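As structure tokens, the structure follows; a few thoughts come after it.
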Amino acid sequence: MINIKDFKKIDIKVGQILSVEKVPDTDKLLKLSVNLGEESPRQIISGIALYFSDFSVLVGKKCMFVANLEPRVIRGLESQGMILAVSTEDGKFSLLSPLWPNDDIPVGTSAK
């Protein structure tokens, strides 16, 4: 369990996926370029490839990202954040996104 003070340290922001590439020689890794409302896009490496037969459907989508996660090198690529998603044991999967009641939330907006 964490307390509310610890939870408030997590910076969850709306980001828009600009491009997606499969990480070579892996089954589940994708390299995302993400606009988080900053000066330049961030590179985020994520293990979500198995959930998409066509990665191009992700381009342009707004999703929720952890923006203040310490960078980590995965397969020689620096990941500068984390996309938020949920999955069930029976294979259902969803990316967290700002949809309801307003899907026009600007990139870079922090979760409250």
(request) May I ask which residue of L32, V66, L50 lies farthest towards the positive end of the charge dipole of the chain, with charges of +1 (Lys, Arg) and -1 (Asp, Glu) on Cβ and the Cα centre as origin? (result) V66
(message) Using the Karplus curve 6.51 cos²θ - 1.76 cosθ + 1.60 with θ = phi - 60°, what ³J(HN,Hα) values do you get for each residue of segment 41-50, in whole Hz, with x for Gly and Pro?
(response) x, 9, 9, 10, 9, 9, x, 10, 4, 5
(request) Would you mind putting 81-92, 27-38 in packing order, based on average other-beta-carbon counts within 10 Å, highest first? (result) 27-38, 81-92
(message) Please compute the modelled spin-label separation between I10 and L50, points set 7 Å along Cα→Cβ, answer in nm with one decimal.
(response) 2.2 nm
(request) Using a cut-off of 14 Å between beta-carbons, work out the net charge of the residues near D103 (Lys and Arg +1, Asp and Glu -1, D103 not included). (result) +1
(request) In vacuum, with every alpha carbon of the chain counted as one equal point scatterer, what does the Debye formula give for log10 I(q)/I(0) at q = 0.10, 0.22 Å⁻¹? Two decimals, please. (result) -0.29, -1.34
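Within the set K22/K92; K8/K31; K5/K61; K5/K28; K8/K92, which residue pairs have Cα atoms separated by over 24 Å?
Correct reply: K8/K31; K5/K61; K5/K28; K8/K92.
Sum -39500 (n - 2.57) across every DSSP H segment of at least 4 residues in the chain, then divide by the residue count to get the 222 nm mean residue ellipticity, nearest 500.
Taken over the chain, the calculation gives -500 deg cm²/dmol.
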(request) Pop out the ³J(HN,Hα) list for segment 20-35 in order, Karplus 6.51 cos²θ - 1.76 cosθ + 1.60 with θ = phi - 60°, rounded to Hz; leave Gly and Pro as x. (result) 9, 9, 6, 6, x, 6, 9, 8, 10, 8, 10, 9, 9, 9, 10, 8
(request) Pull up the cross-link candidates among the lysines for K9, meaning alpha carbon to alpha carbon under 18 Å and not fewer than 8 places away within one chain. (result) K112
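Read the figures in this text as sums done on the coordinates, not as results from a lab. None of these values were measured; they are calculated from a predicted model. A quick note on method: Cβ atoms are made from the backbone with ideal geometry, for glycine too, and the neighbour counts reach across all protein chains shown.
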